[in-house]
Structures are given as structure tokens and as C-alpha cells.
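Worksheet: one structure, shown below.
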Amino acid sequence: MRRRHAMPFGAELDGHGARFRLWAPSATRVELIFESEEARNVIEMNEAGAGWREARVGEARAGDRYRYRIDGGLEVPDPASRHQPEDVHGPSELIDPHAYAWRDAAWRGIPWHEIVLYELHVGTFTREGTFAAAASRLAYLRDLGVTAVELMPIADFPGTRNWGYDGVLLYAPDSAYGRPDDLRRFIDAAHETGLAVFLDVVYNHFGPDGNYLHVYARDFFTTRHHTPWGAAINYDGAASRTVRDFYVHNALYWLEEFHIDGLRLDAVHAIRDESPKHMLVELAEAVRNGPGRERHVHLVLENDDNAARFLERAQAAAPRWYDAQWNDDAHHALHVLVTGEKDGYYADYAEAPARHLARALAEGFAYQADPSPYRGRVRGEPSRQLPPVAFVDFLQNHDQAGNRAFGERVSVLGGEEALRAAYTLLLLAPAIPLIFMGEEFGCRQPFPFFCDFGGELGQAVTQGRRREFAAFERFGAPGATDAIPDPDAPATFERARIDWSAAREREHAAWLAFFREMLERRRTAIVPLLPRIVPGSGRYALPGPRALRVAWEIAGEERLVLLANFGDTPVTARAIAAGEVLYATHADVAAHAVIDEIAPWSVVWLIERGVPK
């Protein structure tokens, strides 16, 4: 099995050499600098209309390198480069996707309701920090009970260490992690192990170092809209058709050429588009009408706007566009219950965290066109009509650890009772759960923000990071922010590497056993129910100030019920529920019981039967 995604731009080997195509509407002259083992040639690129330049090299072969020279001066890499062996400022390398023979011809993916996500950063997941090393732990992840690996962004970024959200060459897997075929081998091995692979992609901005599009394709950006990173991507202005094609093809490229099973789109609230058809809709339709017709392909959003419209369901409850959205509301409320923190965006949940969590579990978003005091505006859209699997819930991810000043994980912020209750809720809830690497064994290493810019840019990032936290009370004293780790320092990156030896220690081994038990219980008791949960049927009540009851109707005469108490005292409420207990944190809860008291820091999952429609 050989795979290749045909692109209207970039370099394409075709059996008769290679065709090179660059969109450079802001350039007067473009030359191809072509480097083979034999020679270095300079080839004038022909105008092909609408800002396009083309050239053909008959003797081109895989492994040859090339650049584009703009107006006789600056030499730049291909924005659609498949490989950058010398990083973002170096030459691009010709890659033949057909050279790799795939072994997963029978793979059709995993249905969405069976997904359990495991987010990892390739560079810190193992000591080696490579695709090959990550592949060596796939059997461990399968045995843990996860069904999908989600890679943080791998598009080529400057330097050798980065979260990935500073990528500038979106088609090139970063060479710090290996060659493109190393990524293919990782995905092949994951499928062979029974795991799906998701990729985090960034379509809202480019990183600050190594993006040359502003030199020769200024129409790629627009000043009509702005983002936290500056001028927005031009999705709706003049010449936006080419820009939109660039991103649609990028999504299809990962799904087709690399056989990726799903994409997580970063911070789509920063994608500014006033077109009749929003870019997110166009991209999703291209996926659904393309690779999504042949196998399970999933699309997930991160969207601070809580825009439920992108999660709309079509016939048979199938997603029309996007399968799900990361649910920050559920996380923030649960985090407040576990840690008591109230700074920053947690302030929106501090007054009634149990109510916010209950609403998020029952109806999707806690903020559904409701005023957000932290943001100073109304936030969200009604989401109650959506099924629970339209949301991805988590107690931790790269943001929720790394966006803290010191990158602390929740394992050092909450007590054991609170964490056990939180994970019992999270891992058995009908929303899709996400685990951040190491979380399953209670990893206590930080995951701080890190990068590899160097020079003035590196110093600016370090100072900006410290200014960001200067307003927090704990950093009020003069010089207090100096203790915040320097993102550009290699030691900050090293602190984030997972220490797998810790998982063998007694405390961590107990957490690992607990996660395995919960995920096995999810597989056997919860997953079979998920396709039968009636969308819009979630209901919640608050039997105590830090307690909640949530129930979802199941087709037939059953109801899935959650009881939880995140307080220090029991909550008494006569005959709260009766039914078959699926799991309880406290062993004194009988398998078939009428629950009339919820113990402190406890969670009970049960099935009520004989419930009329």
C-alpha cells in the first residue's frame, strides 16, 4: 500500500523528475535553487497566472534539496516542504511518499464513541524524543486502555525544542523528531497495535521565526482582523481562495498521505472568517467527502467561543462537521473543586463550581450565551441538544499544566481523595476523556512552557512570559517573577521529559493500576451505552453545595446516573437514586442500592432501570 496526497503547490515527484510550484504574488522574480549531489542549478521560474510560479526539473530525485530565491536576494524554503533537514531556514528536501510501503491496508479506524485520547509531546515523551522512541511505548498505551494517541503539533518549528504551536512549515514533520518515514512507521505501528493517531494542527497563526510568506505572499495575511499573535490569516479577503486551499490541503495531506485518524484544530476562535461559508465548515466538508467516506476520521476543535454550531449533528446522530470540542468549562469547574484555585479564568467558576460542572456534564457547555465576568462579555451558544460525546473532557492537558508559571501538574495541586474522585468522574463520564502523558501514573514532573529561539527573540519571549504573570498575587514582590523558568533555557525543556522509572514506584504504580481499572470499566460498562444515550436528555441537580447528580436517558427504560460529592461532609438526600451500581469510590456502596447519602469526596456511577420514556 502506497499513499500520496496530490497538492497544487510545493514540489511533486511524478516519475519524470519534479514539478515545483510557488504562490508568490508579491514577488517580481522567483528562481528555483536546485541542489543535487552533482550540481547546484539556478532556474528561472515561469509565471503561471494569479501569482503562481512554476518550474520543472527532469533530473530531480528524492533526497535532492531546493530553495526559492525571491527578487534576486532572499532564499527561502518551500512553504509546502515535506522535510526540512536543516531546520526552518535551510533548504527543503524532495520526498517521495510512494517510497514507503504501508502495512495497514485493512485499518478503518475506531468509532468516535470508543475513543479515549492520550495527548503526548513527542520531544518529552521519551528520553530520545523521537517518533521511533515513542513507537516503543505503544503497547504500554494499549494496555493502559487508551484507544487513540494525540500528538501535539509536529509541523516544523525553529530549533530543536518547542511545544509545536510556533510551527512555520506546516507540511514538514519536524526533523528533531525524525524523518517523514519515521512518522509513517510510528502511525503504522500504532494501527498495528490497535491505536488511532490524532494530530494537533495550528491554522490560526504562524510562529515568530521562519515564516517567509509575508515577503513574497503578503496576501496570505490581513489587517482586517487581528489575533493575539498579530495580523490574522487571510481567510475571507482578496486572494483568500489560495490561502484556504493551503489549509484544506494541509488537513487532507495529514489524513491521506500519513493515514492520520483525526485532527485537533488549535484555538479556532482566532480563525477570523466572515465568508458565506466559514473556513471551518469548508475544511470539515472536504474531510467528510474525502478520507472520511472510507474510514473513521475524526475532527476536534479547541474553541474558547463555545460555538456549538460547529458540532451540529446530521442524520443518525453523526457529526455534520466536527465530532467534538475540548470542554474547558468542565475542566475549569472540576479543577476548582479539586484545588480550590480561583485565579484567572477560574474566577468564572469559583462561586458555584459544582453547578458549572453539573451543567457541563449534562448539557455540554457551562457557558451557553451567558455573561462571563472574566472575559467581560457573553460567551457561548446553547449546547444542550448535543450528545455527551460532542465534548472532550480532561483534568489536565498541555495548556492546563504548561500555561501555569511553573508548569505544575494537577497531581501536586490536589489531594489524593480529591483526585481519585475527579478521575472516577472523568474516566467514566459519557464525554470523551483525554489523558495527558504521565497523568496515568500521577507524574509529578512539571510541564513548563519551553522553546528554542535564542538571541533577541528568545530574550523577548522570556521577558514576556514573566510579564504575563506579574499581575498575579504570588508574584507581587519585586523580582518574584525571576523565579519563573526561562522558556528558552535547555534545562526547562529537560525538566519536562517524562521519567518513566517513577511509574514503578509504589505510589505511582497504584495510580497506574487505578487508571487501568477505570478504563477497563469504561470499555465494558460505559462505551456500550454511549450510542444509546438520548441527545438533549441530560438533567442535573445539586443535592449539596459541592455535590451533584447528573442523569442521562438511555434508549429504552434506563438511565445512567452520576452522584458526586466534592465536599468534606456527607450529603444527605433521601433516596437520591436506586439502581445497579457500576462503580463507586467507596466500597460500602452495595452493588444494588438505594443511595440516601453521598460520602465526602466520593463518586457513584449507576444504572436506573424501569424508567418510563
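With no solvent and one equal point scatterer placed on each C-alpha of the chain, evaluate the Debye formula and give log10 I(q)/I(0) for q = 0.09, 0.11 Å⁻¹, two decimals.
Reported log10 I(q)/I(0), two decimals: -0.74, -1.09.
Shape verdict for the stretch 537-609, please, from the Cα gyration tensor: rounded (a/c under 1.5), prolate (a/b greater than b/c) or oblate. Can you show the working numbers first?
Values: a/c = 2.05, a/b = 1.37, b/c = 1.49.
Taking the square roots of the gyration eigenvalues as a ≥ b ≥ c, the stretch 537-609 is oblate.
Name the residue farthest towards the positive end of the dipole of the chain from the options 602, 18, 177, assuming +1 on Cβ of Lys and Arg, -1 on Cβ of Asp and Glu, about the Cα centre.
After comparing all options, I get 602.
Going highest first, how would you order 3-10, 382-389 by mean Cβ packing within 10 Å?
Values: 3-10: 16.4, 382-389: 20.5.
Packing order, densest peptide first, comes out as 382-389, 3-10.
Let's test the formula: R0 of 51 Å, r as the Cβ-Cβ distance of residue 193 and residue 369. What FRET efficiency results, to the nearest 0.05? Please report the intermediate quantities before stating the final value.
On the way: r = 43 Å, r/R0 = 0.84.
Calculated value: 0.75.
Assigning unit charges at the beta carbon (Lys, Arg +1; Asp, Glu -1) and nothing else, what dipole magnitude in debye, to the nearest 20, does the stretch 36-187 show about its Cα centre? Write down the numbers at each step before the final one.
On the way: 17 positive and 25 negative charges, 93 e Å.
So the dipole magnitude of the stretch 36-187 works out to roughly 440 debye.
Which whole-number percent gives the relative contact order of the stretch 326-458, counting Cα pairs below 8 Å spaced six or more residues apart?
Working: 198 pairs, mean separation 32.0, N = 133.
Once normalised by length, the contact order is 24 percent.
For a quick check: with amide H placed at 1.01 Å from N, whose amide H comes under 5 Å from residue 203's, ignoring anything fewer than 5 positions away on the same chain?
266
Using label points projected 7 Å from each Cα along Cα→Cβ, tell me how many nm separate residue 316 and residue 541, to one decimal.
3.7
If you place +1 on the Cβ of every Lys and Arg, -1 on the Cβ of every Asp and Glu, and leave all else neutral, what size is the dipole of the chain about its Cα centre, to the nearest 20 Debye? Walk me through the numbers on the way to the answer.
Working: 67 positive and 88 negative charges, 258 e Å.
The calculation lands at about 1240 debye.
If one computes the Cα centroid of the stretch 514-581 and of the stretch 63-117, what distance in Å separates the two points?
So the separation of the two Cα centres works out to 45 Å.
Arranged by the count of other C-beta atoms within 10 angstrom, fewest first, what order do 28, 242 take?
Numbers: 28 9, 242 18.
Ranked by crowding around the Cβ, least crowded first: 28, 242.
What distance in nm lies between label points placed 7 Å from Cα along the C-beta direction at residue 557 and residue 105?
5.1
Determine the shape class of the stretch 10-99: with a ≥ b ≥ c the square roots of the Cα gyration tensor eigenvalues, call it rounded for a/c under 1.5, and otherwise prolate if a/b is greater than b/c, oblate otherwise. The partial results should precede the final answer.
Numbers: a/c = 1.57, a/b = 1.34, b/c = 1.17.
Taking the square roots of the gyration eigenvalues as a ≥ b ≥ c, the stretch 10-99 is prolate.
Using 1/(1 + (r/R0)^6) with R0 = 45 angstrom and r between the beta carbons of residue 26 and residue 3, what's the FRET efficiency to the nearest 0.05?
For residue 26 and residue 3, the calculated efficiency is 0.85.
Quick one: work out the % antiparallel among DSSP beta bridges in the chain, nearest 5. Before the final figure, lay out each step's value.
On the way: 69 of 94 bridges.
The answer is about 75 percent antiparallel.
Shape of the stretch 387-453 from its Cα gyration tensor (a ≥ b ≥ c, root eigenvalues): rounded if a/c is under 1.5, otherwise prolate when a/b > b/c, or oblate? Mind dumping the intermediate values first?
Details: a/c = 2.71, a/b = 1.44, b/c = 1.88.
Oblate.
Applying a 10 Å radius around every beta-carbon, put 285-292, 178-185 in order of their mean neighbour count, most first. Don't jump to the answer; show the numbers that get you there.
Details: 285-292: 17.4, 178-185: 20.6.
For the peptides 285-292, 178-185, the packing ranking is 178-185, 285-292.
Could you grab the Rg to Rh ratio for the stretch 459-516? Cα atoms only, Kirkwood for Rh. Display every interim value, and only then the final one.
Numbers: Rg = 17.0 Å, Rh = 14.1 Å.
Taking Rh as the inverse mean 1/r over Cα pairs, Rg/Rh reads 1.20.
Considering only C-alpha atoms, what is the centroid distance from the stretch 129-146 to the stretch 267-292, in Å?
31
Karplus couplings for the stretch 236-247 from phi (6.51 cos²θ - 1.76 cosθ + 1.60, θ = phi - 60°), rounded to Hz, Gly and Pro as x?
Couplings: 9, x, 4, 6, 6, 4, 5, 5, 4, 4, 4, 7 Hz.
Multiply the residue gap between residue 218 and residue 289 by 0.36 nm, knock off their C-alpha separation, and tell me the result in nm, one decimal place. Please report the intermediate quantities before stating the final value.
Values: separation 71, 0.36 × 71 = 25.56 nm, distance 3.11 nm.
Full-extension gain reported as 22.4 nm.
Need the full-extension length gain, residue 494 to residue 143, defined as separation in residues times 0.36 nm minus the C-alpha distance. One decimal, nm.
Details: separation 351, 0.36 × 351 = 126.36 nm, distance 2.71 nm.
The residue 494-residue 143 span can extend by a further 123.6 nm.
Would you be so kind as to identify which of 126, 39, 493 lies farthest towards the positive end of the dipole of the chain, taking Lys and Arg as +1 and Asp and Glu as -1 on Cβ and the Cα centre as origin?
Result: 126.
With +1 on each Lys and Arg Cβ and -1 on each Asp and Glu Cβ, how big is the dipole of the stretch 101-200 about its Cα centre, in debye rounded to the nearest 20?
Numbers: 9 positive and 14 negative charges, 43 e Å.
Value, rounded to 20: 200 debye.
Apply the Karplus parameterisation 6.51 cos²θ - 1.76 cosθ + 1.60, with θ equal to phi minus 60°, to every residue of the stretch 296-312 and state each ³J(HN,Hα) to the nearest whole Hz, in sequence, with x for glycine and proline.
Couplings: 6, 10, 10, 10, 10, 10, 10, 8, 5, 6, 6, 7, 5, 4, 6, 9, 3 Hz.
Could you give each residue of the stretch 380-391 its phi-based ³J(HN,Hα) in whole Hz, using Karplus coefficients 6.51, -1.76, 1.60 with θ = phi - 60°, and x for Gly or Pro?
Here the 3J(HN,Hα) series is x, 10, x, 10, 4, 6, 8, x, x, 6, 7, 9 Hz.
Express in nm, to one decimal, how much length is gained between residue 502 and residue 269 on full extension, taking 0.36 nm for each residue of separation and deducting their alpha carbon distance. Don't jump to the answer; show the numbers that get you there.
On the way: separation 233, 0.36 × 233 = 83.88 nm, distance 3.81 nm.
Residue separation times 0.36 nm, minus the Cα-Cα distance, leaves 80.1 nm.
Sorting check: for 247-255, 487-495, which peptide has the highest mean count of neighbouring beta carbons within 10 Å, and how do the rest follow?
Details: 247-255: 21.7, 487-495: 17.2.
Going by the mean number of other Cβ atoms within 10 Å, highest first, we get 247-255, 487-495.
Can you list residues from other chains, or at least 5 along the same chain, whose modelled amide H is less than 5 Å from the amide H of residue 172?
156
Kindly put 33, 598 in sequence by how many other C-beta atoms sit within 10 Å of each C-beta, fewest to most. It would help to have the intermediate numbers written out before the result.
On the way: 33 16, 598 27.
Arranged by neighbour count, lowest to highest, 33, 598 become 33, 598.
Report relative contact order for the chain in percent, whole number only (criteria: Cα-Cα under 8 Å, sequence separation at least 6). Walk me through the intermediate numbers first.
Details: 1321 pairs, mean separation 63.0, N = 613.
Relative contact order here is 10 percent.
For residue 372, list long-range residues whose amide hydrogen, built 1.01 Å from N in the peptide plane, is under 5 Å from its own amide hydrogen.
The list, which skips near neighbours in sequence, is 377, 378, 379.
Residues of the stretch 418-457 with the amide nitrogen closer than 17 Å to a label point 7 Å from the Cα of residue 516, along Cα-to-Cβ, please.
438-443
When 119, 75, 37, 114 are ordered from fewest to most other Cβ atoms inside 10 Å of their Cβ, what list results?
Values: 119 24, 75 15, 37 8, 114 19.
Starting with the residue having the fewest Cβ neighbours, the order is 37, 75, 114, 119.
Bear in mind these aren't lab numbers, they're just calculated from the coordinates by the rules spelled out. This one's a predicted model, so the numbers in the text were calculated from it and none came from an experiment. Neighbour counts run over all protein chains shown; Cβ positions are idealised from the backbone, glycine included.
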